[in-house]
Amino acid sequence: MTDSDTAPGAGEGSRSFDDLLGDCVHCGFCLPTCPTYVLWGEEMDSPRGRIHLMGQMREDDVLSEAAAGHFDNCLGCLACVSSCPSGVAYDALIESTRATVEQEHRRPAGERLLRAAVFALFPYRRRLELMRGPLKAYQASGLNRLVRRTGVLERISPSLATMERIAPPLTGAVPALPEVVPARGRRRAVVGMLTGCVQGAFFPQVNTATARVLASEGCDVVIPREQGCCGALSAHTGRAAEAAGFARATAAAFADAGVDAVVVNSAGCGGTMKHYGRVLEEAGAAPEEVRRAEELSARVVDLSEYLVQLGPRAPRHPLPVRAAYHDACHLSHGQGVTSQPRELLRAIPELEVADLPNPEICCGSAGVYNLLRPQAAGDLGERKSEDVRSTGAELLVAGNPGCSLQIASAMDRAGEPISVAHTAQVLDASIRGLDPAVLLTR
Amino acid sequence: MTQDETITTPLAEELGAGGAQVREGTPGDAVGGRVPRYVARPPDTAAAQALLAAAHRRGLATVVRGNGTASDWGAPPRRCDLVLETAALTGIEHAAGDLVVRVGAGTPLADLQAELAASGQRLTLDPLVAGGTVGGAVATGLSGPRRLLHGPLRDLIIGMTAVRADGVAASSGGRVVKNVAGYDLGKLHTGALGTLGLITSVTFRLHPLPEALRTVSAGAPNPETAQRWTHAVLGSGAVPAAVELDWPETGPLTLRVLLEGAEGGIDARARAVAELMEGSGISEGAPAQWGALPGAAGDTLLKAAVPIGQVAEAARLLHEAAQDQGTTAAVAGSAGAGVLLAALPASAGAASVNGVVRRVRAAVEGGVTVARPAPALADAELDLWGEVPGLELMRAVKLRFDPRGLLAPGRGPGGI
Amino acid sequence: MFDEGEGEPRMPQPLTALIPRLREICGDDGVITDRTRRRTYESDGLTYHASTPGVVVLPTTTDQVAAVVRLCADAGVPFVPRGAGTGLSAGALPHSEGVLIVTSRMRRILEIDVANERAVVQPGVANLEVTRAAAPHGYYYAPDPSSQQVCSVGGNIAENSGGAHCLKYGFTVNHVLGLEIVTPQGEVVRLGGKAADAPGYDLLGAFVGSEGTLGIATEITVRLLRAPQKVRTLLAAFETMDAGGAAVSAIISAGVLPAAVEMMDALSIEAAEAAVACDYPPGAGAVLIVELDGPAADVDAQFERATRLCRESGAFEVRTADDAAERARIWKGRKSAFAAVGRISPAYIVQDGVVPRTALPDVLRRIAELSAASGIRVANVFHAGDGNLHPLVLFDDAEPGASERAAEVSGRILDLCIEHGGSITGEHGVGVDKACQMPEMFSPADLETMDLFRSAFDPAGIANPEKLLPTPRLCGERPGVRKGVHPLVAEGAAEQF
């Protein structure tokens, strides 16, 4: 299903942290692909430097204030994993290090509150849904006081405003998907589908499109009701126990769904779900539980990956649009999925697909990074939006909601708004023969 | 005066103690009008070291001479007590399989090329002055037309042995093309006109003789057209070995493009180049007088090294400035590399020469220098160098390699 | 004033006095004093050598570099320049009581001047970025060290970097036309520019490859070349290294000048297969990669010849590539070879030596003998066209004595290079790593003369000290070496004019 031989981080399971650290030969090939190194040009904010800091942490048995800050600065985009010729499992190293930081490092009070607020909000779709609508509506809403007190709302307001712009008009409750969407025509497969937290709350239309495309291609789509956040946001931030909790719940939700594959349309979620074993191990789960989680991981697949493997059946209708495809880090670096979305898009008649310059550099979204490190995230967003502008595209396509949001938001700020769409939405529009104007709503 | 009267051993004997043949200087040995007291010819590097050490002890100003074909290049030395002839420092060690040759500085360039050609190889240096030695070519540092593709002379040097003013011989580089051990001192001696040391042997990287040569020539109505053609040819992917401009005092300007390569592909390449140059013709081989200096022996030669986008402007200005100074200029050189030489007739006085170089310097980037003053201008107030960026560092280098200022004093950059 | 960690050694005294000034010059975020952070700079690409820098500065302009260096010069404090930190000779090894000047924030491409075929860049620009910026105009920057996506142009200047294609196109020194440098006294000097043949001594030529001992290049003007009309690559598989070597000789003596000629032996092929599944012909004892580029007609004619010569020399399989994707497949194994060796050995030493090309077969046999006698495996990956060997000496660092034996084998390989009239380094540089081997290649007089040259730029000896040339502290006493100004000048006995 996935190219597991080259999947980043594969095979590191049984090796110790120190052993994994030892793989780094300090060659520096990761530097130019690291977003924070690109921004600041400092060794400590490069993967090589952070690995050195991890080494110092082990050697001196001390986690210094300075080192913790540099670990926090890491977006976790995993571009370094793609560029590393020695196969260093930076993904495993940073996740483990983040967990150590969470356990051992006491952040300043303000930052602790902010993090608590973010994680009280984001992984929960119901709470996120409450925030939909104009600003005043969610300020008056029943959000807990913590969220309001820390100013997290002010931080996320620009993002929320963009979300509101991109999301379809709120004319009622978020439309719920049925538990099963039956295949059109002859059934070729039965697949599960992750609806996710942010995706589900703010981009329900992406989920709808995903389900429709899968059904059009002959899949019964099973969407378990009891699923929630997959745990990616927590895992990427070192909240090991919280992540493991979400992972357990998600694994349970799909365990007995009787599906051949679990299709994920959000890059960050897919990247984490493919490594549930590691997530549980980090939290000290029992081997049996880890094994079960790994069984689910083996069935997790990105939408584009799955569709290419399945092969197209539904006819594609022309979509005369100039689009640019953005590689979401957790799709390209995290899962090694770069050719499949392009292949799917290029198969759509009259759709022009441009590649962005500097495709390996993160857009700055990186889960909740844009909330925790708004300045760096904003700078990266600006760089990315310049690259997008250079292509002359009218539509930006990505396989991750956070990226779309981040880039659209940066382009808004620059006064050059752009339409964004998920790969699934573009495919959906083509299969249904919709007017391209439906995608070009900036 | 350089001699003290206390020496008991005759000076000539001391100079010859290491094995060098020493004789009295004659007017025929004069360098820039200075007749040396002695002329010495060391048979090998050891003798050369002893000779230079003795000259150093005695404070003799020493000028190195190969075949003397370029003795008039650069400023005349302020003093010349001893002429050191390299004629006996010969020898060719050709490692044909490695495309490398180590050669004694006194070896005539023609002898070297003949020996290399027998193995189907060459040192890719088009001599601008005929009859010279290897050491002379390196010391003057002049590169002919094919520098465009194969690099200037300095790029072909992979190792060198030179004797410092105090008689210490030092090598740098080596006998392999790829080598980054230590400072590349050979770069310093290349084009230093013998002011930093006596070059005794040089190791070069070689090239195979090309299978086929074609020359595409065309008359250009003006230098701007020639420059446009040059840009087009360089940008075409035809990979010319040389793009030479030739603009005599009067008459038409010619642009010649030399192509080297495999027999099977060369005609197609030549045709592609010809299409870029209106009215061009293709001929086999390299043209006669290839890379010859403009003008006549005894002319003042100027060198203008400019960005390739300013070649036309430099060539035009050389012509115009010469006319304004009541003289003429013949301009030739590599339009592709941006290195032009201009000959002003011997009749042009110092004021005219200075007028021309200053005007061109003011208008273009790069360096405009008097490479070879006419004999009559040897002691004239010539503005040979203009501003030399990095001159203080050059002085510092000279101070360490030749602390007493004995090697061709005054001939170095900025009159060092 | 600065946030030293608890219980950690303090910064050396003479430096602490400089910190406020350094902050004024480079800004607060351009000066790194905290020890944890400083330590991340302790090594470049050769981690065998490590030393925590006294202080690290990250200037953004030439003026800042000059001001920092002047401050060092006035205080007699050493400084070490560093680019991307990818060097393999510890040339950027920091000085524990000195200032590490890092150019990673000086990474603007200042100009792509197509009319003059030049690019002007700051020193921190990555090598490959120059080509990326020139590519839309149909040009490229020729030197292509294998770390080209990360190594900086400033670092390339210091090391005179080569690359796989330097057989035909030469090294960095052949492509640099102009430099703005900050001398060890803190003066800003321009050497050359967009024109060739700058008047006077070729200081530019000697500065390139000086490993940061003559100053810091702060602005660099390089030549851009027109991208070749055509590139064709062949991969030939041979049963033995000797047969592969014979093919190289045959190609070169036939007058074919390839852009690159690379060879790998069975062990390095095994490693590459393990790492990237490069799918080279099974059973190959040697593979040869030959790349030709240039005018289409010329390339085609020469390519046929090279292919034929490979077959005549015993190649049992020849694959050819005519487009970028096929070329990438051929190069995949070669480019991954160094890192790939990590997959077949826990530890390894990358050696860099040069022999005359004709000595290759003999030297390779001798290396095989050394390997057999010592029980230390050696994988050979090398630039066959110019005799530049990169033996990878494999060992298990967990095994007692193995690293010493590997170092011994590695050193013996260098001895072989010198015996055969070669060099101790073809592209990695001398740095600290090979400074003590310089006397094996150069006489005391050679070294003394080099030291004289160095002192012309750096009389105080503060620019990247203890690199490139052997010193008594590093290598033990050596007679007859003098430093600084010529004694005659010091005595006042010598005159300059």
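The values are calculated or read from the model by the stated rules, or taken from the named source; none is laboratory data. The structure displayed is predicted, hence computed values, not measured ones. A quick note on method: Cβ atoms are made from the backbone with ideal geometry, for glycine too, and the neighbour counts reach across all protein chains shown.
I'd like to check something: does the range C:114-130 contain any residue that is assigned to a loop (DSSP other than H, G, I, E, B), in contact with a Phe, Trp or Tyr (Cβ under 8 Å, 6 or more places away or on another chain) and either facing another protein chain (nearest Cβ under 8 Å) or more than 16 Å from C:Glu219 (Cβ to Cβ) (or both)?
From the range C:114-130, those assigned to a loop (DSSP other than H, G, I, E, B) are C:114-117, C:122-125; that's our starting set.
Among the residues that remain, those that are also in contact with a Phe, Trp or Tyr (Cβ under 8 Å, 6 or more places away or on another chain) are: C:114, C:117.
The next check asks that each one be either facing another protein chain (nearest Cβ under 8 Å) or more than 16 Å from C:Glu219 (Cβ to Cβ) (or both); those that pass are C:114, C:117.
Yes, the range C:114-130 contains at least one residue that is assigned to a loop (DSSP other than H, G, I, E, B), in contact with a Phe, Trp or Tyr (Cβ under 8 Å, 6 or more places away or on another chain) and either facing another protein chain (nearest Cβ under 8 Å) or more than 16 Å from C:Glu219 (Cβ to Cβ) (or both).
Summed over the range C:159-177, residues that are more than 7 Å from chain B (Cβ to nearest Cβ), surrounded by fewer than 23 Cβ atoms within 10 Å (Cβ to Cβ) and not in a loop (DSSP other than H, G, I, E, B) total 2. Looking only at residues in the range B:358-416 that are in a loop (DSSP other than H, G, I, E, B) and charged (D, E, K, R), the one that is nearest to the chain's Cα centre (by Cα) is B:Arg411.
Being in contact (Cβ under 8 Å) with a residue 12 or more places away in the chain and surrounded by fewer than 23 Cβ atoms within 10 Å (Cβ to Cβ) holds for only one residue in B:Gly135, B:Gly141, and it is B:Gly141. Taking the listed residues A:Arg291, A:Arg313, A:Arg322, the one that is surrounded by fewer than 24 Cβ atoms within 10 Å (Cβ to Cβ) and part of a loop (DSSP other than H, G, I, E, B) is A:Arg313, with no other qualifying. Considering each residue of the range C:409-442, count those that are at the interface with chain B (Cβ under 7 Å from one of its Cβ atoms) and free of Cβ contacts under 8 Å to residues at least 40 places away in the same chain, and give that number. Summing the residues that are at the interface with chain B (Cβ under 7 Å from one of its Cβ atoms) and free of Cβ contacts under 8 Å to residues at least 40 places away in the same chain in the range C:409-442 gives 3.
From the list B:Val168, B:Val163, which one is facing chain C (nearest Cβ under 7 Å) and in contact (Cβ under 8 Å) with a residue 60 or more places away in the chain? B:Val168 is the lone residue from the list that is facing chain C (nearest Cβ under 7 Å) and in contact (Cβ under 8 Å) with a residue 60 or more places away in the chain.
If we scan the range B:329-347, do we find a residue that is of a type outside the set (Ser, Thr, Tyr) and at positive phi?
Keep residues of the range B:329-347 that are of a type outside the set (Ser, Thr, Tyr), which gives B:329-333, B:335-346.
Within this subset, residues satisfying the condition of being at positive phi are B:333, B:338.
Among the residues of the range B:329-347, at least one is of a type outside the set (Ser, Thr, Tyr) and at positive phi, which makes the answer yes.
Among the residues of the range B:292-314, none is identified as more than 14 Å from chain C (Cβ to nearest Cβ) and over 20 Å from the mean Cα position of the chain (by Cα). Taking the range C:293-324 as the range and being in a helix (DSSP H, G or I) and within 19 Å of C:Glu262 (Cβ to Cβ) as the test, the residues that pass are C:Val299, C:Gln302, C:Phe303, C:Arg305, C:Ala306, C:Thr307, C:Leu309, C:Cys310, C:Arg311, C:Ala324. Of the residues making up the range B:334-357, those that are over 12 Å from B:Gly295 (Cβ atoms), under 20 Å from the mean Cα position of the chain (by Cα) and not in a loop (DSSP other than H, G, I, E, B) are B:Ser334, B:Val339, B:Leu340, B:Val357. Residue count for the range B:178-194 under the criterion of being more than 7 Å from every other protein chain (Cβ to nearest Cβ) and closer than 23 Å to C:Leu177 by Cα: the result is 3. Just one residue in the set B:Arg269, B:Arg228, B:Arg256 is closer than 19 Å to C:Gly255 by Cβ and either in a helix (DSSP H, G or I) or modelled with pLDDT of 95 or more (or both); that residue is B:Arg269. The set of residues in the range B:262-308 that are closer than 18 Å to B:Gly144 by Cβ and β-branched (Val, Ile, Thr) comprises B:Val306, B:Ile308.
For (1) touching a helix residue (DSSP H, G or I) at 6+ places or on another chain (Cβ under 7 Å); (2) crowded, with 20+ Cβ neighbours inside 10 Å, each residue gets a yes or a no:
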| position | (1), (2) |
| --- | --- |
| B:Thr250 | no, no |
| B:Gly261 | yes, yes |
| B:Ala268 | yes, no |
| B:Ala272 | no, no |
| B:Ser280 | yes, yes |
| B:Pro287 | no, no |
| B:Gly295 | no, yes |
| B:Arg316 | yes, no |
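The criterion of at least 1 residues that are farther than 30 Å from C:Pro346 by Cβ and under 21 Å from the mean Cα position of the chain (by Cα) is met by the following strands (runs of 3 or more DSSP E) wholly inside the range C:182-278: C:216-223, C:260-265.
Taking the range B:201-222, which residues are among the hydroxyl-bearing types (Ser, Thr, Tyr) and more than 13 Å from every other protein chain (Cβ to nearest Cβ)? Talk me through it step by step, then tell me what you get.
Of all residues in the range B:201-222, those among the hydroxyl-bearing types (Ser, Thr, Tyr) come to B:201, B:203, B:215, B:217.
Listed by number, the residues that qualify are B:Ser201, B:Thr215, B:Ser217.
Tell me whether the range A:62-72 contains one or more residues that are on the phi > 0 side of the Ramachandran plot and within 25 Å of the chain's Cα centre (by Cα). No, the conditions are met nowhere in the range A:62-72. Every condition in (1) out of contact with any helix residue (DSSP H, G or I) (no Cβ under 9 Å at 6 or more places or on another chain); (2) surrounded by 20 or more Cβ atoms within 10 Å (Cβ to Cβ); (3) without any contact (Cβ under 8 Å) to a residue 60 or more places away in the chain holds for B:Gly291 except the one numbered (3). In this structure, C:Val381 qualifies as in contact with a His (Cβ under 8 Å, 6 or more places away or on another chain), within 14 Å of chain A (Cβ to nearest Cβ) and closer than 30 Å to A:Asp19 by Cα.
Evaluate the range A:239-247: report whether one residue or more is touching an Asp or Glu at 6+ places or on another chain (Cβ under 6 Å), crowded, with 20+ Cβ neighbours inside 10 Å, part of a helix (DSSP H, G or I) and not hydroxyl-bearing (Ser, Thr, Tyr). For the range A:239-247, residues touching an Asp or Glu at 6+ places or on another chain (Cβ under 6 Å), crowded, with 20+ Cβ neighbours inside 10 Å, part of a helix (DSSP H, G or I) and not hydroxyl-bearing (Ser, Thr, Tyr): present.
Of all residues in the range A:337-354, those satisfying the criterion of being under 19 Å from A:Ala267 (Cα atoms), surrounded by fewer than 22 Cβ atoms within 10 Å (Cβ to Cβ) and not basic (Lys, Arg) are A:Thr338, A:Ser339, A:Gln340, A:Glu343, A:Leu345. Of all residues in the range A:150-201, count the ones that are in contact with a Lys or Arg (Cβ under 6 Å, 6 or more places away or on another chain) and modelled with pLDDT under 55. So the answer is 1.
Of everything in the range B:360-416, what is of a type in the set (Val, Ile, Thr) and more than 7 Å from chain C (Cβ to nearest Cβ)? Give them in sequence order. Steps first, answer last, please.
Here is the first cut: in the range B:360-416, the ones of a type in the set (Val, Ile, Thr) are B:360, B:364, B:368-370, B:388, B:397, B:416.
Of everything in the range B:360-416, those that are of a type in the set (Val, Ile, Thr) and more than 7 Å from chain C (Cβ to nearest Cβ) turn out to be B:Val360, B:Val364, B:Val368, B:Val370, B:Ile416.
As a summary of the residue check, A:Leu380 satisfies the conditions (1) closer than 25 Å to A:Thr208 by Cβ; (2) of a type outside the set (Phe, Trp, Tyr); (3) in contact (Cβ under 8 Å) with a residue 40 or more places away in the chain; (4) touching a Pro at 6+ places or on another chain (Cβ under 7 Å) except for the one numbered (1).
The residue list A:Leu78, A:Leu31, A:Leu20 contains one member that is at the interface with chain C (Cβ under 8 Å from one of its Cβ atoms), closer than 26 Å to C:Lys335 by Cβ, modelled with pLDDT of 90 or more and within 26 Å of the chain's Cα centre (by Cα), which is A:Leu31.
Only one of the numbered conditions (1) in contact with an Asp or Glu (Cβ under 6 Å, 6 or more places away or on another chain); (2) at pLDDT 90 or above is not met by A:Gly9, and that is (2).
Looking at this structure, is C:Glu8 out of contact with any strand residue (DSSP E or B) (no Cβ under 9 Å at 6 or more places or on another chain), modelled with pLDDT of 95 or more, in a loop (DSSP other than H, G, I, E, B) and facing chain A (nearest Cβ under 10 Å)? So C:Glu8 fails the test.
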